[in-house]
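Just below is one structure, and these are the notes that go with it.
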Amino acid sequence: IIDHHLRASKLGEDARDAARLLDQNVEHPDEDVRAVARARTLTALTRLDGERKRSVLQFLYESGLVTKDHLVVDLWAADLSKANLSAANLHTAGLSETNLRGADLNAADLRDADLSDTDLSEANLSAANLHKANVSGTVLSEADLNAADLRDADLSDTDVRNADLSTANLHTAHLS
């Protein structure tokens, strides 16, 4: 994938442009490379256990392919359920609309990450750093957010039914 200059490919207005371009039979090499990388990544994730999902996500993050301001491989609808991401550094990661149901994100660094519209139900986010994270529209039902740092996080339209928010820092969090 890196051989095909994936990291240097130019991102369109919408990371999902590749599918539309392919449907319209428009040739655009950058979009084609990203579409193949996305397809291979999503296929691999469905076959992996929690530890291996961590390896894939950490590789993508450290390669600069899934940061919210430079989203090269869009993880929309990716199966990261039950991923072991404990203490992972995912600062500014672009994980919008992913499935992180039951994932272990204990003490993970998710500062300024985009987790909007993500399924984090039953996830362990205890002591996670979500300072300034976008968690809007996310499902956090039955999630463990004990001692999580949610300062300045956007929690608008978030489902927190039966979530453990004991000792979570919600100072200046957006709770509309």
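Along each principal axis of its Cα atoms, how long is segment 80-135 end to end? Whole angstroms, biggest number first, please.
23, 21, 13
Roughly speaking, to the nearest percent, how much of segment 31-176's 1.4 Å accessible area is carbon and sulfur?
The value for segment 31-176 is 46 percent carbon and sulfur by accessible area.
So what is the diffusion coefficient of segment 27-99 in µm² per second by Stokes-Einstein at 10 °C and 1.306 mPa s, using a Kirkwood Rh over Cα pairs?
It comes out at roughly 128 µm²/s.
Normalised radius of gyration for segment 31-176, please: alpha carbon Rg relative to 2.2 N^0.38 Å, two decimal places.
Normalised Rg, Cα atoms only: 0.96.
Using just the Cα positions, wrap segment 46-85 in a convex hull and report its mean projected area in square nanometres, one decimal place.
It is 2.7 nm².
The values are calculated or read from the model by the stated rules, or taken from the named source; none is laboratory data. Note that the coordinates shown come from a computational prediction; the quantities given were computed from them, not determined experimentally. When the accessible area is computed, the model is the full protein with side chains, heavy atoms only, and any ligands, DNA or RNA have been set aside. Shrake-Rupley method; radii C 1.70, N 1.55, O 1.52, S 1.80 Å.
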